[in-house]
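What follows is a single structure, written as structure tokens, with notes after it.
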Amino acid sequence: MSEQKDFKDNETVQEQKESAEQKDSEHFLDEEEIKALCLEHVCSKCDVMGEARDERLRAMAESENLKKRLARETDELKKFATEKVISDLLPVLDNLDLALAHSKNLDQCKDFVTGVEMTRKIFLDALGKHGLEPVGKAGDEFDPNFHEAMGMAQQADIPDNAVAQVMQCGYVLKGRVIRPAKVLVNKLS
């Protein structure tokens, strides 16, 4: 009986080993499964890292665009900072032009006209140093970007669609029109 008991014990031990091996094989993965899981884990890390890299690059590009936009706005602000002051001074030029127009042919005002012409020239030169340029001369081709048509005229010696007469001089500050010239446009037909 003792042999039978030993045999049963051996059988029980053997069954226990097999049962343990089955449990172990259920818990452990074979090599292919391990490789697949590793690749999946690495790929998910790559995706996360790729997304983070993309976000970082977008943030850097956005930052660079912001710097460029601020630099452009600063340059524009510096370029046209004097526009308001110069616009406020344009009536002074208009009054000097009126004084010259009304007293030009009077002999009694000859010295006065010379003084006003010199003052106007100095004043216009000073404003020119800051980028102001007059626009609108008789004979120029009419351009709605620089001229405001106040009416029409018919003069045979001037081409069609040209400025026949300047009623008020216009001005451009560094390429930007701050006041269009008020003109009469020549129409031959």
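The values are calculated or read from the model by the stated rules, or taken from the named source; none is laboratory data. Quick caveat: nothing in here was measured; it's all calculated off a predicted structure. No Cβ is skipped: glycine too gets one built from the backbone with ideal geometry, and neighbour counts run over all protein chains shown.
Could you check segment 102-137 and list, in sequence order, the residues that are over 18 Å from VAL177 (Cα atoms) and either surrounded by 13 or more Cβ atoms within 10 Å (Cβ to Cβ) or of a type in the set (Lys, Arg) (or both)?
Once the filter is applied, which keeps residues that are over 18 Å from VAL177 (Cα atoms) and either surrounded by 13 or more Cβ atoms within 10 Å (Cβ to Cβ) or of a type in the set (Lys, Arg) (or both), segment 102-137 yields SER103, LYS104, CYS109, LYS110, PHE112, VAL113, VAL116, GLU117, THR119, ARG120, LYS121, PHE123.
Which of the residues that make up segment 141-189 are charged (D, E, K, R) and either part of a strand (DSSP E or B) or modelled with pLDDT of 90 or more (or both)?
The answer is GLU141, ASP143, GLU148, ARG176, ARG179, LYS182.
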